[in-house]
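Scroll down for the structure; my scribbles are underneath it.
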Amino acid sequence: MKAKSVLTLSLLMITSLVFGQSNTERDTLVSNPNYDRILAEKSGGDEYGMKSYFFVILKTGNNTSADKKLISDSFRGHLANINRMVEQGKLIVAGPLGKNENNYRGIFIFNNIKSTEEAKELLKRDPAIKNGLLDYEIFTWYGSAALSEYLPFSDKIWKSKP
């Protein structure tokens, strides 16, 4: 029995030497000394500080109408819809993309959405999507739960309303 304990202790020491880390060093690699339990619970993240979102790529729709009023009203409604979803806590990131060969126009990242069907229902309310000026693709995305902390700060840095 004593030989088994010595062997186990020897293996632990060798492993520690091979990896060059003490127990304290290893502990800091697996636990965060900056961990904020209240913030973690508020943001809804898992033990890694991550959570699932729905990532939406908006792309050019199939409506090629030149009706300026339809286009203007649809995109004005699109912006109002974005603001409404932000106020409801369902949209956490939105923004346009630069010109590209895929006709991708922008992105949404939905927060606190339970299913792809719920995300689709939100998208169907968007006038630009309803009128076929925009279309979308939805993906599940696993990202930092701290993303929700970005919105309160973003409202403090714009000078002119977009």
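Listed values, structure above:
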read-out: Evaluated over the range 36-162, the Cα radius of gyration and Dmax, each in Å; value: 15.7, 53
read-out: Surface accessible to a 1.4 Å probe, R76 within the full protein complex, Å²; value: 150 Å²
read-out: Fraction of alpha-carbon pairs over 16 Å apart in the range 48-95 - percent; value: 56 percent
read-out: Cα convex hull volume per residue for the range 107-156 (Å³); value: 101 Å³
read-out: Phi to ³J(HN,Hα) by Karplus 6.51 cos²θ - 1.76 cosθ + 1.60 over the range 39-45, Hz, x for Gly, Pro; value: 5, 4, 5, 4, 7, x, x
read-out: Probe 1.4 Å - accessible area at V86, Å² to nearest ten; value: 60 Å²
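The values are calculated or read from the model by the stated rules, or taken from the named source; none is laboratory data. Because the structure is a prediction, the values reported are computed rather than measured. Each accessible area value is taken on the protein alone, full model and side chains, heavy atoms only, with ligands, DNA and RNA left out. Shrake-Rupley method; radii C 1.70, N 1.55, O 1.52, S 1.80 Å.
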